[in-house]
């Protein structure tokens with residue numbers, strides 16, 4: 001697969017993603033500047049984390065209008081795979097690629113730490129190599145990661161299997177105490193109804209390197225590539 005990493009002014013996880021895809025996931029990877037309208041024949045487009053446009057106005061609200069996003073939306077509408085990580089998740093909701101919104105954390109503070117998430121099911125292309133009931137330790141780093149949607153949208157997400165990841169404790173229990181930001185239903189990641197767009201607040205690209213003593217982020221990419229392991 002060929003991966004394209006969109007770079008906005010204020011992106012700061014783009015190189016982390018490029019390195020992760022190139023050296024650990026072992027796939028071709030290119031950067032795509034936000035003013036470009038050429039997706040360079042990529043199979044997967046990733047909207048990385050960071051602070052696009054300084055998070056002015058509202059996280060992701062300005063980046064949503066970058067020229068590249070018209071192409072990303074068209075790509076997704078044709079079934080192309082799009083992944084939004086952290087700020088990328090915020091951009092995806094602002095662009096209408098995913099329902100709901102990411103609001104300020106309930107404790108009103110930026111949070112950066114490892115958390116545990118568990119897949120809700122393993123029928124998605126983003127979770128098919130994972131194990132239901134297992135926990136995966138992935139870092140978060142955000143101030144506006146509290147997932148919110150109205151009751152009808154939440155019910156639709158549940159009915160359609162669009163909730164892919166929930167925050168949990170180390171034993172896999174989904175509790176209020178394990179919820180780092182106040183997200184409704186402990187939501188850490190969702191997909192669109194068609195299943196080709198993923199948004200998640202945790203950073204799997206930061207959990208790919210043995211030097212970080214954590215490679216559990218690889219399971220998202222293993223699922224996408226439908227592999228069971230990477231040769232390191």
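Derivation of every value follows stated rules applied to the coordinates shown; laboratory data play no part. If you're wondering where the values come from, they're calculated on a predicted model, not measured in any experiment. In this analysis, Cβ positions are derived from the backbone assuming ideal geometry, glycine residues included, and neighbour counts consider all displayed protein chains.
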> How much mean residue ellipticity at 222 nm does the chain get from its helices, if each DSSP H run of length 4 or more adds -39500 (n - 2.57) and you divide by all residues, to the nearest 500 deg cm²/dmol?
Replying inline: -5000 deg cm²/dmol
> Does the stretch 167-232 classify as rounded, prolate or oblate by the C-alpha gyration tensor (a ≥ b ≥ c root eigenvalues; a/c under 1.5 gives rounded; else a/b over b/c gives prolate, otherwise oblate)?
Replying inline: oblate
> Relative to the present Cα-Cα distance, how much length would full extension add between residue 1 and residue 123 at 0.36 nm per residue of separation?
Replying inline: 41.9 nm
>> Under 20 Å from a point placed 7 Å out from the Cα of residue 78 along the Cα-to-Cβ direction: which residues of the stretch 194-220 have their backbone N that close?
In response: 194-198
> Rounded if a/c is under 1.5, else prolate if a/b is larger than b/c, else oblate: which is the stretch 1-54, with a ≥ b ≥ c the root eigenvalues of its Cα gyration tensor?
Replying inline: oblate
>> For the ranges 122-131, 167-176, 45-54, what's the packing order if you count other beta-carbon atoms within 10 Å of each residue, average per peptide, and put the highest first?
In response: 45-54, 122-131, 167-176
> Between residue 30 and residue 15, 0.36 nm times their residue separation minus their Cα-Cα distance comes to what?
Replying inline: 4.4 nm
>> Between the stretch 172-232 and the stretch 1-46, what is the separation of their alpha carbon centroids in Å?
In response: 18 Å
> What is the stretch 56-187 by shape, rounded, prolate or oblate, if you read a ≥ b ≥ c off the alpha carbon gyration tensor as root eigenvalues and call it rounded for a/c under 1.5, prolate for a/b larger than b/c, and oblate otherwise?
Replying inline: oblate
> How high is the relative contact order of the stretch 2-225, in percent, with contacts defined as C-alpha pairs under 8 Å that are six or more residues apart?
Replying inline: 20 percent
> Which entry is the computed mean projected area of the Cα convex hull in nm² for this structure: (i) 15.0; (ii) 13.1; (iii) 11.2?
Replying inline: (iii)
>> Taking the Cα of residue 56, stepping 7 Å toward and past its beta carbon, and measuring to each backbone N in the stretch 26-49: which are under 19 Å?
In response: 34-35
